[in-house]
Amino acid sequence: MEKIYDVIIIGGGPAGLSAAVYSSRAKLKTLLFEKAACGGQIIITDLIENYPGFDSGVNGYELAMKLESQAKKFGTDFVFEEIIEINDGKTKIVRTANAQYGAKSLIIAAGTKIRPMGIKGENEFMGKGISYCAVCDAPFFKNKTVAVIGGGDSAVQESVYLSKFAKSVIVIHRRDSFRAAKSLQEKLFSIPNISVKYDCVPLQIKGSQKVEGLIVSNLKTKIQEEIILDGIFVFIGLIPNSEHFQFLKLENGYIITDENMRTSAQGVFACGDIRKKQLRQVVTAASDGACAAISVEHYLDDGL
Ligand code: NAP
């Protein structure tokens, strides 16, 4: 190892990038790992309406690019490789397939991944009518019929986006009310080409070369029906990317921290969606990142 960093940040979403802005601006030698492109979940979000300061909303990709260039401007180094192992000694060692890197502290901002439905046909039709990203795939469904699975913020927000392309959007939700924010729900209910099937779960995807139908079951009436459609967008929640962090105290895969982002291990901090917390938003990810970086400063100064 040529160089020991003050802090290695794992994950280049809003939490990791905000941590990088704060730590490199504080003159800590900072290295950030990202396995794909920076931005995390927000690069597939068309419009973020609730990030403070952007009264007309901000495109997720644009915000991610600004955060990345801000971190670079302050001196953060970036490595675009996947981590394969972490050694949590006094010096933290992070290994990729090609090299290893050392640091005095670690900030974990690895975020979450999309939860699949796990039903028959899902793997078979992936990319052939099954999608997990409206911004990426909505234009392929111009004037077509699509279903959206889920009832959280993502499902409702992305249904609204899809309604600008598709002829008809059918939201399929397993309960009789949405968990999404009321403001998002109001928007959804005001759009004429969106309809909702409550109390229904998807059972099986039908088709030959591509998706042609979806069998759903009504949990109250037990009646099954096949909906004829062209595409299915899945937004049924997230799974924390915590497979490399089993040495930490976790709950349902989410990393437990205190309010200063300290985890159960000395010199290891966590921030953003991977942390056990109530609210997962860009603004809370950014705030977590700032707190984590300041906690690293205190840890390096005082060992606290
Ligand atoms: P989420 O809030 O966990 O919602 C998942 C939805 O999928 C729920 O409605 C859930 O039903 C349903 N579901 C879960 N498992 C299912 C299954 N096996 N079959 C059918 N339905 C299933 O996930 P999310 O909407 O992806 O949001 C993730 C986080 O990002 C949240 O913290 C959210 O607030 C945040 N987010 C915020 C915004 C925004 O502020 N604009 C936008 C997107 C995401 P139940 O309701 O019955 O549990």
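The values are calculated or read from the model by the stated rules, or taken from the named source; none is laboratory data. Please read these numbers as outputs of a predicted model, since none were measured by experiment. Heads up, the Cβs are rebuilt from the backbone with ideal geometry, glycines too, and the neighbour counts pull from every protein chain shown. Surface areas here come from the heavy atoms of the whole protein model, side chains and all, with no ligands, DNA or RNA. Shrake-Rupley method; radii C 1.70, N 1.55, O 1.52, S 1.80 Å.
Numbers at a glance
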read-out	value
Unmet requirement for residue 188, which otherwise passes all of (1) out of contact with any Leu (no Cβ under 9 Å at 6 or more places or on another chain); (2) of a type in the set (A, V, I, L, M); (3) over 23 Å from residue 60 (Cα atoms); (4) more than 10 Å from the ligand (Cβ to nearest atom)	(3)
Top-ranked residue of the range 6-46 - restricted to ones that are of a type in the set (D, E, K, R), under 17 Å from the mean Cα position of the chain (by Cα) and away from the ligand (no atom under 16 Å from the Cβ), ranked as most open to solvent (accessible area, probe 1.4 Å)	35
Subset tally (residues that are within 16 Å of the ligand (Cβ to nearest atom) and open to solvent by less than 20 Å² (accessible area, probe 1.4 Å)) for the range 254-268	1
Scan of the range 288-304 for residues that are open to solvent by 60 Å² or more (accessible area, probe 1.4 Å) and either within 16 Å of the ligand (Cβ to nearest atom) or in a loop (DSSP other than H, G, I, E, B) (or both), ordered by number	304
Pair list, Cβ under 6 Å, 6 or more apart: the range 101-116 residue touching a residue at least 12 places away in the same chain (Cβ under 8 Å) and among the charged types (D, E, K, R), other residue more than 10 Å from the ligand (Cβ to nearest atom) and assigned to a loop (DSSP other than H, G, I, E, B)	113/241
Residue check for residue 253: more than 19 Å from residue 29 (Cα to Cα) and without any contact (Cβ under 8 Å) to a residue 24 or more places away in the chain	yes
Residues of the range 269-280 satisfying the condition of being surrounded by 15 or more Cβ atoms within 10 Å (Cβ to Cβ) and at pLDDT below 95	280
Test for residue 142: is it open to solvent by 10 Å² or more (accessible area, probe 1.4 Å) and over 30 Å from residue 21 (Cβ atoms)	yes
Tally of residues being surrounded by 14 or more Cβ atoms within 10 Å (Cβ to Cβ) and at positive phi across the range 111-127	2
The range 55-105, residues that are open to solvent by less than 50 Å² (accessible area, probe 1.4 Å), in contact with a Leu (Cβ under 8 Å, 6 or more places away or on another chain) and of a type in the set (D, E, K, R)	68, 92
Where residue 49 falls short, out of the listed (1) open to solvent by 50 Å² or more (accessible area, probe 1.4 Å); (2) within 16 Å of the ligand (Cβ to nearest atom); (3) in contact (Cβ under 8 Å) with a residue 60 or more places away in the chain	(3)
In the range 196-234, the residues that are surrounded by 23 or more Cβ atoms within 10 Å (Cβ to Cβ) and more than 17 Å from residue 145 (Cα to Cα)	200
Test: residue 243 is open to solvent by 50 Å² or more (accessible area, probe 1.4 Å) and within 16 Å of the ligand (Cβ to nearest atom)	no
